[in-house]
Each structure stands twice: as C-alpha cells, then as structure tokens.
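**Student:** The following block contains the structure, expressed as structure tokens.
The values are calculated or read from the model by the stated rules, or taken from the named source; none is laboratory data. Just so you know, these numbers come straight off a predicted model, no measurement behind them. Because the Cβ atoms are built from the backbone with ideal geometry, glycine has one as well, and the counts that use them run over all protein chains shown. Heads up: the accessible areas ignore ligands, DNA and RNA and are worked out on the full protein's heavy atoms, side chains in. Shrake-Rupley method; radii C 1.70, N 1.55, O 1.52, S 1.80 Å.
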Amino acid sequence: TDTELTTWSVVYDMKIDAAFTGEYFGLLQPSATNSGDAAFFWKEDTTGVYEAGITTYYGAVNRGAWVRVVVTYDGSDISVYLNGALQGSHARPTSTHTITVGRTAADVLLMTDNTASETGAGRLAAFAIKNSVMTASDITALGGPTNTYIFADGTSSVVEFRLDGSACMQASVGTGTLQDMSTEGCTPAPTPSPTSPTPSPTSPTPSPTPSS
C-alpha cells in the first residue's frame, strides 16, 4: 500500500567527487518518474565548496570530503544538518516535498534531477530514510560519516542501505530495495530472518556507487 510521507528524515554518508565542477547536484528526487526538480540539492558557493538545501542553501562542504548530511521535513519546513550540526531551515510546500513509499516500482530517486546539468558525480556509502522528523539531539548523536552504519540494526521506522557496489541490494535495516537505475531486472532477494544479524561493511573506505 502506498503511503505518503509529509514528515520525514533522510540521511546520506557521501562525498562530492573532487573533480566535479557543476553548479548543482540533485540529491533527492521525490518523483519516481523524475518529472520535476529534485527536492534537495548541493549548490556551489565558491570554487570547490558546496552548500546544501533547496531555494535557500546552507553550510560549506569541500569537494572530495566525506560528510553526513541529514535533511528533515516536518510538513512545512526543511532543515539541513551537516555532520550533526544544524545549518539552517526554511519553508517548503508539501506539494513538492511529500515522499511516497510502498510502491512496487521506484519510490524516490537518489543523486539525480530531471535536468541533466543539475546532476552530479559523487560517492554514496550509506543512505537511510525515516518516516518522521528527527530531533536535533537525535541528529547530533549521529555525528559525522562512518564506514559502518548510520542507524543500529533493528532501529524502528527506518530503512537503511549500506552500499557495497551491488547494482541491486536489500536494506540492512528495515525492508526495501536499492537499485542502480542504469541496470534492469532488479529482483529483491528473500527477506532475511529478523533474528539474523546484519553484517557491517568490512572495507575501511565506503564503497562507491555509480552516479547518475
């Protein structure tokens, strides 16, 4: 059953490629058909330094630097956190910032936009979505990026993917499928037993994912 989330939080452990020179880098596309602007972007501030947001942009992240980005939406305002620290908030309408989950096809698209020049080159180590707003203290407790996980195994109301280079992968926390959209025929693997522990990545450096 499709569920429309008008309050949500998304978390990225990622970096912008050091060689990327574009002005915009779409990160969250709530339209599964990629039929409009993304709901969240990186935007170049000065050469090699990017801010995060939509319409209004906050923070400063250098190309090539890993960062944990948290974006929350409470139904009226979007808030941007970098490495656990609030960067800023401003109003956004539910018409562009409602996320639908539960479809058998794609729910949302990551690291893309409907305009080719507003897509970016980057590396994504982990991504999570929560069906509610996280508090400032919750986000501060997450801190910066790691090479293990964002949320602990078993965390409720969360779907988290720990990328390992696979073109089709199942969530490490919660239930969901993440697919490289340049591939076809992504078949979900059997859901693991809830008593089975989820292994953490063993690589000391987060694995890259193909960019859009």
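**Student:** Show 184, 4, 23, 44 ordered by accessible area, largest first, where the area counts protein heavy atoms only and the probe is 1.4 Å.
**Tutor:** Accessible-area ranking of 184, 4, 23, 44, largest first: 184, 4, 23, 44.
**Student:** In addition: Please give the length that would be gained between residue 153 and residue 106 if that part of the chain were fully extended, namely 0.36 nm times their separation in residues minus their C-alpha to C-alpha distance (nm, one decimal). List each step's numbers first, then the result.
**Tutor:** Numbers: separation 47, 0.36 × 47 = 16.92 nm, distance 2.39 nm.
Full-extension gain reported as 14.5 nm.
**Student:** Over its Cα atoms, what ratio of radius of gyration to 2.2 N^0.38 Å does the stretch 1-154 give?
**Tutor:** Numbers: Rg = 14.5 Å, N = 154, 2.2 N^0.38 = 14.9 Å.
Here the answer is 0.97, to two decimals.
**Student:** Something else now. Which sequence of 104, 72, 21, 140 reflects their accessible areas, 1.4 Å probe, from the largest down?
**Tutor:** In descending accessible area the options line up as 104, 21, 140, 72.
**Student:** Choose one answer from 19, 106, 121: the residue with the largest mean-square fluctuation in a GNM of the chain with alpha-carbon springs under 10 Å.
**Tutor:** Top of the fluctuation ranking is 19.
**Student:** Accessible surface of residue 157 in the full protein assembly, 1.4 angstrom probe, to the nearest 10 Å²?
**Tutor:** Accessible area of residue 157: about 60 Å².
**Student:** Percent relative contact order of the stretch 3-74, based on C-alpha pairs within less than 8 angstrom and at least six residues apart?
**Tutor:** So the answer I get is 41 percent.
**Student:** What ranking of 37, 13, 77 comes out by heavy-atom accessible area, probe 1.4 Å, highest first?
**Tutor:** Details: 37 100, 13 0, 77 55 Å².
My answer, sorted largest first, is 37, 77, 13.
**Student:** Run the helix sum for the chain: -39,500 (n - 2.57) per DSSP H stretch of 4+ residues, divided by residue count, reported at 222 nm to the nearest 500 deg cm²/dmol.
**Tutor:** The helix-only estimate for the chain comes to -1000 deg cm²/dmol at 222 nm.
**Student:** Relative contact order for the chain using alpha-carbon pairs under 8 Å, separation at least 6, rounded to a whole percent? Please report the intermediate quantities before stating the final value.
**Tutor:** Details: 506 pairs, mean separation 50.0, N = 212.
Relative CO of the chain lands at 24 percent.
**Student:** When the chain is fully extended, how far beyond the present Cα-Cα distance does residue 180 get from residue 56, taking 0.36 nm per residue of separation? If you can, show how the numbers build up before the last one.
**Tutor:** Working: separation 124, 0.36 × 124 = 44.64 nm, distance 2.93 nm.
Gain on extension, residue 180 to residue 56, equals 41.7 nm.
**Student:** Continuing with the same structure: Under a crude label model (7 Å from the Cα following the beta-carbon direction), how far is residue 117 from residue 17 in nanometres?
**Tutor:** Computed distance between label sites residue 117 and residue 17 equals 1.9 nm.
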